[in-house]
Structure formats: structure tokens, C-alpha cells
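Just so it is clear, none of the values below were taken in a lab; they were calculated from the coordinates. Note that this is a predicted model, so its numbers are computed, not measured. All Cβ positions, glycine included, derive from the backbone under ideal geometry; neighbour counts span all protein chains shown.
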Amino acid sequence: MAKNNEKKMLEHILKEMERDKIYFYNKAWFNPLLWFIGAGIFLGLFMYSKNNGSIEVILLISALSGLVTGVLLMLQLSHKTWLHLKQHVNVHSIKNRINEINTYKIIIQYFNPRLIIVRICLIAKLQ
């Protein structure tokens, strides 16, 4: 994995470790509301189909509502799983690795061959 991607991922994990915010999809009122919206969509589509509605519209609305519901349920499950996993994550180790990556970047920048040539040229001009 590239060091930049690894650093972004580790920083994201640290940010999530320190976050105490409860997302809207994890609140107590969200699942009953999702059920009512789903039932409303189902009844609306049923009424629309009785009035000679287009099958393409029915399929599109059904697919979109299923996709949105699936994504929201996946986010809920992911957050609930993270609550159990985050107590087993070693924060100190993550911070050390981020510091190693930052140190590596500083060393690479300092020992960049182009910069070394520029430094040698500057020293030669000064003498």
C-alpha cells in the first residue's frame, strides 16, 4: 500500500476512534421511520400500478428505494460493528505508524537527489 494511502486510512481510523457523535441512521426513531417510508412507497406503487402506471417507473422507484434502504442498513451494521471493534484497536500503535510515515517523508524530502545537487551547486558558488 502506498504510504500516502496508508496514512489517510490510519488518520481516518484515529478520527473515528475519537468520535462520539451518533449518526442519524443509528438513532432510535430511524428504523420505524424507514419502515413507514417503505410501506408508503409500496402502497404508492400499488396504487400507481392500479391506475395503469408504467412498469418502468415502478421498477425504477422500487430499485432506488431498495438501494437506499440497503445502503442505510449497511451503514447501521458497519457502525454497530465498529463500536465493538474499536475497543480492541491499539491507538498508540496507529499514532506511531503515522509518525513513522511522516518521518519517512521528511527523510525523502531531505535526501532528494535534485535537492542534493542544488545544495552542492550553492556551496560551490559560495566558495
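For His79, His12, what's the fewest-to-most ordering of other Cβ within 10 Å of each Cβ?
Arranged by neighbour count, lowest to highest, His79, His12 become His12, His79.
Could you sort out which of Lys3/Lys80; Lys3/Lys95; Lys8/Lys95; Lys8/Lys80; Lys7/Lys80; Lys15/Lys86 sit more than 18 Å apart by Cα distance in this structure?
With Cα atoms farther than 18 Å apart: Lys3/Lys80; Lys8/Lys80; Lys7/Lys80.
Just to check, using Stokes-Einstein with a Kirkwood Rh over alpha carbon pairs, what's the diffusion coefficient of region 3-89 at 20 °C and 1.002 mPa s in µm²/s?
Reported coefficient: 135 µm²/s.
Provide Leu85, Leu73 in ascending order of the number of other Cβ atoms located within 10 Å of each residue's Cβ, fewest first.
Exposure proxy ranking, most exposed first: Leu85, Leu73.
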